[in-house]
Amino acid sequence: MITLAPPKDTTAEILAALDANALVISDSGLVTYVSPALDALLGGVADCVGQSWAHVWGMLGQTAPLVSRRPQRVSLRRSDGELLPAQVQGIPIRSGTLVLVKDLSVVEEQERERIRIFREAQSQADDLFALYQITQFMATAQNLSQLSNTLLREVMRSTEAEAGCLLLKDLYGDALLPAAWLNLSKPPALADEAAARAWVEQAAGMENSLLALPLSAEEQTVGIALLIGRDFDQHSRRFLQTVAHEMAIALRAMQRRDELTAQEQKLEAIVAATTDGIIQVDQRCCVVGVNPAAAAMLEVSETTALGRTCADVLGCGNDCAGGCPFATVLASRSPIEYQEREVQAASGRLHSVAASYAPLEVGGDDALGAVAILLDISRQKQIEQIKADFITTVSHELRTPLTLLRGYSDTLLHLNLTRTQQQQCFAGIADTTAALGRLVEEVLDVTRIEEGQLALQLEEIGAAELIEAALHSLPDKRQRVLISIEPELSVVGDRARLVQVLVNLVDNALKYSPGGKPVSLRARAVAGGAEFVVQDEGIGIPGAEQKAIFTKFQRASNARASQIPGSGLGLYICRAIVEAHGGRIWLTSAQHRGTTVGFTIPD
């Protein structure tokens, strides 16, 4: 086989034409050719033609094995001293070795650019994710404290800050107040923006860097975020500028929300604590809210009242006399400033109330509902009735004895009476005066009881002695009293007051037992004390009136109708005396069948 050798310059021409970075080494180890491209790349290599390859390789800064067929990465020293990243590969040829040099500087630059682009994209993605997280936190935060701490933590994490503080401006002033701080022993005390700037300037001299981020929304300063760290690059600053406005809007909105919530809670606390009943209805006059005072007055729970009509809850039937005040207010959109009426509790108990009504309006043409404030004046009404009864009773009780006194006086002055007749008039005057004295004493006793000044002089007294003293005060009536006393029964109490109780009970029994019917008085020992019982066969007390019979100025309706005199104070005083001794007084009665009143005095 015959091989034709190419001309000597064929390789050089090919390499030159290809503009390849190459050189040729002869079999003897000399550089026989350097391409123009390689000479331009490395500078001055063409002058090395004819020199040994080992020398040239060392000149290029290489000490490793010369070349191999396997591409290897090296750094070649150019003539200006700059290192050039390159890839070197030796390819055997007939006349020696062809060394190909690939410039990697462009490739590395491209790689660096790709890495830069990737990192920038990754950074932007991280920023977007951080912004997304911050947005989610802003949307789910429950209060200002939670939002402030979360935003500060996320901003510090995104900027790699080591410590930070978030200060917010008060809604109604210029003071900057710490809302959150992390990795600080305490936040800076800053009164306003000027103080904040001064703190920043002072902190700027610290070893760490400090970044102050103003937070503004609606052309107003909301607050400032202070971040402390080793360094804050442009990327961190851009990110903070991106989120600052959104943070400011969210923080200001949460401030207003917290303020509104606080005002609502304050209003709810006031409504719940007020002793006046408050009821709110909607446009259909259905209850949508009651406070505890109203619920207690009407004997309903706050939940069971909701949804029911106002007429049902207030116990006023299908309509209120003169029209439903809620309906009137809703129709006229004008308040009712004062109205006295009665409401009925769930148990049937009636309450007198002073009510005021007002429409609830929040813009628009229609009222959202109405609200009523109910002041329970039942006690006031009772007091007014008691005063009226007192005046009526005392006037009546005074009129009769005064009339008698006037009659006796006129008789003594104008008639020529015998001595016996005169004695009868004087006796009548004495009895009437005694009756007036008892009435005055009863009124004074009521005053002492109400002022807590009912004093007792305690001693041991025999039951028989007490009963005898009581009957001695009723000399004309004692023959109608049937007495039963357990032997040697005694009590510890105030002699005069216990006699007063027995006299009152026996006198009532005799007074309300027409036709001279007898009355029984019994005294016996019971567990823990002594019991006294007075029983008659008189007119009795209606069942509906028995519960109130021990209160002031209360008299049974049948007693009033019978024109039997009485002040309505006796049983009230008896109860107070018995209870002052630690005892109990009780009553059973049936109309037209008599009454039994008993009391116990403990040992």
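The values are calculated or read from the model by the stated rules, or taken from the named source; none is laboratory data. Keep in mind that what you see is a predicted model, and the values were worked out from it rather than measured. Neighbour counts are summed over all protein chains in view; Cβ atoms, including those assigned to glycine, are modelled from backbone coordinates with ideal geometry.
Taking the range 456-495 as the region of interest, how many residues are free of Cβ contacts under 8 Å to residues at least 24 places away in the same chain and either in a strand (DSSP E or B) or not charged (D, E, K, R) (or both)?
4
Scan G538, G528 and give me the residue that is in contact with a Pro (Cβ under 6 Å, 6 or more places away or on another chain) and outside the structural domain of F390 (by TED's automatic domain parsing).
Among G538, G528, only G528 is in contact with a Pro (Cβ under 6 Å, 6 or more places away or on another chain) and outside the structural domain of F390 (by TED's automatic domain parsing).
Can you tell me how many residues within the range 18-38 are free of Cβ contacts under 8 Å to residues at least 40 places away in the same chain and either hydrophobic (A, V, I, L, M, F, W, C) or in contact with a strand residue (DSSP E or B) (Cβ under 7 Å, 6 or more places away or on another chain) (or both)?
Qualifying residue count, the range 18-38: 8.
Any idea which of (1) assigned by TED's automatic domain parsing to the domain that holds T309; (2) assigned to a helix (DSSP H, G or I) is the one R399 doesn't satisfy?
Status for R399: all satisfied but (1).
Having 2 or more residues that are at pLDDT 85 or above and either assigned by TED's automatic domain parsing to the domain that holds V99 or surrounded by fewer than 16 Cβ atoms within 10 Å (Cβ to Cβ) (or both) is the bar; report the helices (runs of 4 or more DSSP H) wholly within the range 1-86 that clear it.
Counting at least 2 such residues, we get 36-42.
Collect the residues in the range 94-114 that are of a type outside the set (D, E) and surrounded by fewer than 12 Cβ atoms within 10 Å (Cβ to Cβ), keeping them in residue-number order.
Of everything in the range 94-114, those that are of a type outside the set (D, E) and surrounded by fewer than 12 Cβ atoms within 10 Å (Cβ to Cβ) turn out to be R94, V106, Q110, R112, R114.
Report the residue count in the range 70-114 for those that are touching a residue at least 60 places away in the same chain (Cβ under 8 Å) and hydroxyl-bearing (S, T, Y).
2
Table: residues versus (1) assigned to a helix (DSSP H, G or I); (2) crowded, with 20+ Cβ neighbours inside 10 Å; (3) in contact with a helix residue (DSSP H, G or I) (Cβ under 7 Å, 6 or more places away or on another chain); (4) small (G, A, S).
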| residue | (1), (2), (3), (4) |
| --- | --- |
| R497 | yes, yes, yes, no |
| V501 | yes, yes, yes, no |
| L505 | yes, yes, yes, no |
| L510 | yes, yes, yes, no |
| A525 | no, no, no, yes |
| A530 | no, yes, yes, yes |
| A544 | yes, no, no, yes |
| I564 | no, no, yes, no |
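From the list G598, G568, G538, exactly one residue is touching a Lys or Arg at 6+ places or on another chain (Cβ under 9 Å), without any contact (Cβ under 8 Å) to a residue 60 or more places away in the chain and of a type in the set (G, A, S). Which is it?
Answer to the selection: G538.
Quick one: in the range 566-598, which of the residues that are in a strand (DSSP E or B) and hydrophobic (A, V, I, L, M, F, W, C) is nearest to L505 (Cα to Cα)?
Filtering the range 566-598 down to residues in a strand (DSSP E or B) leaves 584-590, 594-598.
The next check asks that each one be hydrophobic (A, V, I, L, M, F, W, C); those that pass are 585-587, 590, 597.
Values: I585: 11, W586: 12, L587: 11, A590: 17, V597: 7 Å.
Among residues in the range 566-598 that are in a strand (DSSP E or B) and hydrophobic (A, V, I, L, M, F, W, C), the one nearest to L505 (Cα to Cα) is V597.
Filter the range 245-285 for residues that are among the hydrophobic types (A, V, I, L, M, F, W, C) and farther than 30 Å from I134 by Cβ and give the result.
Selection gives L267, A269, I270, V271, A272, A273, I278, I279, V281, C285.
Look at I549 and say whether it is in the same structural domain as K511 (by TED's automatic domain parsing), surrounded by 15 or more Cβ atoms within 10 Å (Cβ to Cβ) and over 15 Å from E442 (Cα atoms). Before the answer, list the steps.
Numbers: in the same structural domain as K511 (by TED's automatic domain parsing): yes; surrounded by 15 or more Cβ atoms within 10 Å (Cβ to Cβ): yes; over 15 Å from E442 (Cα atoms): yes.
Yes: the conditions hold for I549.
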